[in-house]
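Bear in mind these aren't lab numbers, they're just calculated from the coordinates by the rules spelled out. From a predicted model like this one, the values you see are computed outputs, not experimental measurements. Here the Cβ positions follow ideal geometry from the backbone for every residue, glycine too, while neighbour counts run over all protein chains shown.
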Amino acid sequence: MIKLQLLLAKPNARDKGSYAKVSTGNSVSASIPAIVIGAGGHARVLISLLRLVGELKPVGILDDDETRWGEEYDGVPILGSASLLKEHPGNAEACVIGIGRNSVRARLFMFARQHGYSLPVLVHPSAVVAADVSLPAGVQLLANSVVNPGTKLGENVILNTGAQADHDNRIGSHVHLHPAAILAGGVEVGEFTYIGTNAAVNPYLSIGARSMVGSGSMVTKDIPDGVMAYGVPARVIRPWDGV
Ligand SMILES: CC(C)(COP(=O)(O)OP(=O)(O)OC[C@H]1O[C@@H](n2cnc3c(N)ncnc32)[C@H](O)[C@@H]1OP(=O)(O)O)[C@@H](O)C(=O)NCCC(=O)NCCS
């Protein structure tokens, strides 16, 4: 299986300071066929990123909404349901998961891996990633996101537009930081959790797994597993199983 990483912090980036501002520049010739899953807003952002960076060529979209099969979305044909992954349509070698919902993203991630796809790391050229940060399969760091030194990311994590994970965070697999969410230093986030748009988390707190921190929240205390919490300061509102 190809180990494809669209853009990665270079090992020698440390020589230039604490941060690797990763970019290969624009207009690299597109060569590796990629299938995109999902025909919604997140997929659209990723298709735009693929075109900006140019190492992967989107050859088709898979989406379970059969009313859209045969249409094009941003110039890419919608070929059928996600089960078509098994057939490697368009000879796709890479699978880009354009879905924001964590449980669905995780299921598709496993399925694509089982069927021999590479799950590329996607890093927008404007993202800032510290040189010591490893980027496991499927990680997506969108425009203006920041990952500071000592932070560990699990597989298939999304830092959406402008989201920031400061130093020494531990972010579990399949977590989604929504746009402009901010984790201060030393925060732990359990797998499958969402941190909502423009929410902020104080240093050294623990956010449980499979929880939802609502948009605009200011988290000042630990949040347990499996709850919805929001507000300023954030309070646990109720148990939550909407992952
Ligand atoms: C937390 C969240 C999931 C709650 O959604 P919900 O269960 O549908 O909640 P409702 O819309 O039914 O709202 C119920 C009440 O809670 C309030 N509420 C909901 N989310 C809130 C939030 N984040 N902060 C403060 N109050 C909130 C509503 O105003 C409403 O109050 P009311 O009863 O006085 O009218 C949602 O608000 C949220 O924050 N989602 C994250 C969205 C996001 O960031 N998406 C980005 C995708 S890239």
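When 47, 99, 61 are checked against the criterion of being surrounded by 17 or more Cβ atoms within 10 Å (Cβ to Cβ) and in a loop (DSSP other than H, G, I, E, B), 99 stands alone in meeting it. State which residue is surrounded by the most Cβ atoms within 10 Å (Cβ to Cβ) when the search covers only the stretch 180-191 and only residues that are within 22 Å of residue 241 (Cα to Cα) and within 16 Å of the ligand (Cβ to nearest atom). In this case the residue turns out to be 189. Regarding the stretch 125-132, can at least one residue be identified that is part of a loop (DSSP other than H, G, I, E, B) and closer than 23 Å to residue 199 by Cα? Within the stretch 125-132 (the criterion being part of a loop (DSSP other than H, G, I, E, B) and closer than 23 Å to residue 199 by Cα), the answer is yes, since at least one residue qualifies. Test residue 236 against the criterion of being farther than 22 Å from residue 103 by Cα and assigned to a strand (DSSP E or B), and give yes or no. It is false that residue 236 is farther than 22 Å from residue 103 by Cα and assigned to a strand (DSSP E or B). Are any of the residues in the stretch 223-243 over 27 Å from residue 137 (Cα atoms), surrounded by fewer than 20 Cβ atoms within 10 Å (Cβ to Cβ) and small (Gly, Ala, Ser)? Yes.
Any residue at all in the stretch 192-207 that is in contact (Cβ under 8 Å) with a residue 12 or more places away in the chain, within 24 Å of residue 124 (Cβ to Cβ) and more than 13 Å from the ligand (Cβ to nearest atom)? Lay out the reasoning, then the answer.
Pass one, the stretch 192-207, residues in contact (Cβ under 8 Å) with a residue 12 or more places away in the chain: 192-207.
Filter again for within 24 Å of residue 124 (Cβ to Cβ), leaving 192-201.
Restricting the remaining residues to those that are more than 13 Å from the ligand (Cβ to nearest atom) gives 192, 201.
Yes: the stretch 192-207 contains one or more residues that are in contact (Cβ under 8 Å) with a residue 12 or more places away in the chain, within 24 Å of residue 124 (Cβ to Cβ) and more than 13 Å from the ligand (Cβ to nearest atom).
Taken together, the criteria exclude residue 174 from residues that are more than 15 Å from the chain's Cα centre (by Cα) and not in a strand (DSSP E or B).
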